[in-house]
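Throughout, read-outs are computed from the coordinates displayed, never taken from laboratory work. In this text the structure is predicted, and so the values were computed from the model without any measurement. Heads up, the Cβs are rebuilt from the backbone with ideal geometry, glycines too, and the neighbour counts pull from every protein chain shown.
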Amino acid sequence: MNETILQVKNLHTSFFTDSGQVMAVNGISFNLEKGKTLGIVGESGSGKSVTAYSIMRILADTGRITGGEILFRGEDITKYTERQMQKFRGKRCSIVFQDPMTSLNPVFTVGNQLMEAIMLHTDKRRGEARERAVEMLELVGVNEPRKRLKQYPHELSGGMRQRVMIAMALACEPDILIADEPTTALDVTIQAQILELIQSLQKKLGMAMILVTHDMGVIAELCDELIVMYGGRVCERGTVDEIFYNPRHEYTKGLLRSIPNINNMKERLVPISGTPINLLNLPKGCAFCARCDNAMKICLERLPDEISINENHKASCWLNIKDMLAAGKEVEERAER
Amino acid sequence: MPNGNLLEVKNLKQYFTVKTGLLKTASLKAVDDVSFSVGYGETLGLVGESGCGKTTVGRSIMRLYEPTGGTVVFDGKEVTAQSIMPLRREMQMVFQDPYSSLNPRMTVEDIIGEPLDVHKLYSSKKERRDKILGLMELVGLNAEHATRYAHEFSGGQRQRIGIARALAVNPKFIICDEPVSALDVSIQAQVINMFEDLKEKLGVAYLFIAHDLLVVHHISDRIAVMYLGKIVEIAPAGELNGNPIHPYTLSLLSAVPIPDPKTVRKKNRIILEGDVPSPMRMPSGCPFRTRCRYATEQCAIECPALTERGAGSGHMVACWNR
């Protein structure tokens with residue numbers, strides 16, 4: 001039943017800049033199952049978008065995947081040639097970007113861009129591609145699709161443009177949709193429309209989705225499972241309920257405490273102290289330890305292993321290991337007695 | 001604290017002339033007949049979607065634009081183009097983007113000191129420096145960094161510099177235009193807490209303009225909701241969240257993604273159809289009627305005024321049908 005469609009294994013991605021090697025992603029692993037939604041959450045610079053771009057292999061010129069594997073149905077796409085990648089993109093895996101203003105080409109009509117995507121990945125001819133484009137625009141709820149095809153991106157509103165982007169991403173019925181902050185640039189009422197749309201389309205088409213966002217609210221709405229990233233590593237992973245109601249990494253706990261929630265309206269927020277990490281200069285130990293209130297000596301020196309909290313939940317934090325050791329010790333002592 | 005209101009805005013109108021063709025122009029009603037007040041030491045949240053005119057309200061109050069109509073009375077004095085300069089000692093503004101609102105060629109010391117220079121608020125160089133260092137400490141910046149430039153700071157720290165600059169003249173009122181939306185969530189909370197601390201310590205009042213309803217609800221005493229240049233509902237924060245009346249407020253609140261999976265599963269969402277109409281082609285009557293499910297014929301004819309629901313509740317709504 002549960003078919004793993006994408007497997008990322010120990011992925012490392014760096015950017016080689018004049019000021020040094022920016023280690024954006026440092027050993028990320030996850031599995032994506034068919035029809036499921038995986039959320040990747042983290043603040044700017046946590047490596048969440050870079051992970052998404054690495055899967056599509058659309059990194060900036062200075063960026064390179066320096067290690068690890070990305071297996072799509074068992075095939076390592078990091079070994080693909082650019083030609084193979086072109087087939088993979090769009091047809092197998094598509095991406096919707098954050099900013100619908102800059103991700104459409106302003107000098108081509110909407111129809112032109114949609115049909116380009118369709119004709120590139122299928123053997124449909126112009127007329128058929130146009131019909132398919134109309135069909136897709138209808139699917140994503142754009143009114144008067146035939147008229148829209150002749151319009152330029154600037155003639156559409158932000159929400160409409162994002163719908164066009166989604167239509168384009170879904171036109172070739174990909175197996176995986178990567179949504180990189182798909183609603184961050186939109187207003188809340190439009191955001192609600194787009195989230196609803198994404199959710200219903202996913203159900204209809206049965207694709208798997210990776211949702212990259214910093215908004216815990218959007219995560220709570222859409223995701224089945226969740227990865228929390230910090231400093232290019234996974235701090236914690238698990239089902240949405242486990243992460244929200246039983247966070248076991250200090251960063252996740254801090255993140256959840258620092259957002260206003262309907263239940264804590266009159267309480268003071270508890271911010272995470274300090275500033276986000278510098279990826280040029282990663283610490284030896286846990287990336288979060290400089291901002292962690294409960295950091296121990298070992299946190300500075302060694303990376304914690306990822307340990308299972310339960311079958312739906314894993315975290316990489318020394319505190320959990322300490323707790324377990326303490327608990328384990330107690331058990332032993334009792335046994336001795 | 002004195003009785004009455006610190007800020008009274010009455011029938012504020014801000015129209016812009018927009019070129020629509022070679023010789024044609026049209027009038028864009030960014031703010032259309034908006035009235036509200038802010039009490040001493042009070043935080044009024046102003047929410048709405050992009051293009052609803054919330055930023056323009058803030059800027060018109062500060063006279064960054066010359067309003068088309070209406071009056072603004074601040075602390076008993078009417079704000080006019082002539083009287084604004086001395087009044088800017090008492091009202092200040094914090095901007096959304098901490099990257100573009102600080103001059104990259106000035107040191108932090110000079111950025112924070114500029115309002116002191118403009119309003120001549122010191123008698124010696126030492127006093128100026130002491131004031132600046134005091135302000136930096138107040139907003140949680142390291143005083144040793146006074147000689148650094150803005151680009152050497154992170155987003156959250158830059159926003160603190162912007163806030164220190166606003167506080168330099170010891171204002172009674174600060175207009176905060178989306179002050180936390182450019183910041184990461186973990187940093188947002190630091191800045192929100194600082195706003196709350198400063199309010200307690202210095203008794204400043206805020207007009208807190210933002211689109212994030214959870215943040216606004218957290219920080220505000222009262223909240224005003226704007227749609228297409230008009231205020232459609234004003235109420236105390238808890239009342240607005242617990243008992244929203246205007247159909248737009250209802251859908252706005254239901255659209256907010258709530259970071260709590262269990263609540264989300266129970267929630268019934270009201271999804272609005274369509275987009276916000278262009279402010280160049282405003283619908284007749286109530287601006288919200290084109291997306292409103294309660295709309296009747298009356299809504300197309302006349303725009304409803306804000307009326308109080310329940311005497312003394314402070315809950316004002318502009319709607320014919322609810």
Rh by Kirkwood over Cα pairs, then Stokes-Einstein D for chain A at 1.002 mPa s and 20 °C, µm²/s: 100
Charged-residue dipole, Cβ positions (Lys, Arg, Asp, Glu), region A:167-315 about Cα centre, Debye nearest 20: 640
For chain B, what is the charge dipole size about the Cα centre, in debye to the nearest 20, if Lys and Arg each add +1 at the Cβ and Asp and Glu each add -1 at the Cβ? 460
Check B:Ile174: other-chain or 5+ apart residues with amide H under 5 Å from its amide H, H built from backbone geometry? B:Gln92, B:Ala205, B:Tyr206, B:Leu207
Magnitude of the Cβ-charge dipole of region B:265-322, K/R +1 and D/E -1, about the Cα centre, nearest 20 debye? 520
Quick P(r) readout (the protein assembly as shown; Cα-Cα; 10 Å bins; whole %) gives 3, 14, 23, 25, 20, 12, 4, 1, 0, 0
Name the residue, out of A:Phe108, A:Phe288, A:Phe72, whose mean-square fluctuation peaks in a Gaussian network model built on chain A with Cα pairs under 10 Å. A:Phe108
Across region B:51-176, what fraction of all alpha-carbon pairs, as a whole percent, falls in each successive 5 Å bin from zero upward? 2, 11, 20, 21, 18, 13, 9, 5, 1, 0
Shape call for region A:48-133 from the C-alpha gyration tensor, a ≥ b ≥ c root eigenvalues: rounded (a/c under 1.5), prolate (a/b greater than b/c) or oblate? oblate
Placing +1 on each Lys and Arg Cβ and -1 on each Asp and Glu Cβ in chain B, then taking the dipole about the Cα centre, the residue among B:His217, B:Pro304, B:Gln188 whose Cα reaches farthest towards the positive end is B:Pro304
Efficiency by 1/(1 + (r/R0)^6): what FRET value for B:Asn243 and B:Glu200, r their Cβ-Cβ distance, R0 = 30 Å, to the nearest 0.05? 0.60
Find how many whole Å separate the alpha carbon centroid of region B:229-294 from the alpha carbon centroid of region A:256-329. 37
Subtracting the Cα-Cα distance of A:Tyr80 and A:Asp241 from 0.36 nm times their residue separation yields 54.3 nm
Gap separating the Cα centres of region A:184-233 and region B:90-153, nearest whole Å: 40
GNM on chain B, C-alpha springs below 10 Å: top fluctuator among B:Thr17, B:Thr290, B:Thr71? B:Thr17
Rg followed by Dmax, in Å, when region A:177-248 is reduced to its Cα trace: 12.7, 35
Going by amide H atoms built from the backbone, whose H comes under 5 Å of the H on A:Ile5, apart from near neighbours? A:Leu32, A:Glu33, A:Lys34
Top mean-square fluctuation among A:Glu75, A:Glu267, A:Glu181, Gaussian network model of chain A, C-alpha springs under 10 Å? A:Glu267
In nanometres, what is the gap between the two model label sites at A:Glu311 and A:Asn278, each 7 Å from Cα along Cα-to-Cβ? 4.6
So what is Rg over Rh here for chain B, counting just Cα atoms and using Kirkwood for Rh? 0.99
Stokes-Einstein diffusion coefficient of region B:186-322, Kirkwood radius over Cα pairs, 20 °C, 1.002 mPa s, in µm²/s: 129
Farthest toward positive dipole pole in region B:1-132 [+1 Lys/Arg, -1 Asp/Glu at C-beta], among B:Pro115, B:Val57, B:Tyr40: B:Pro115
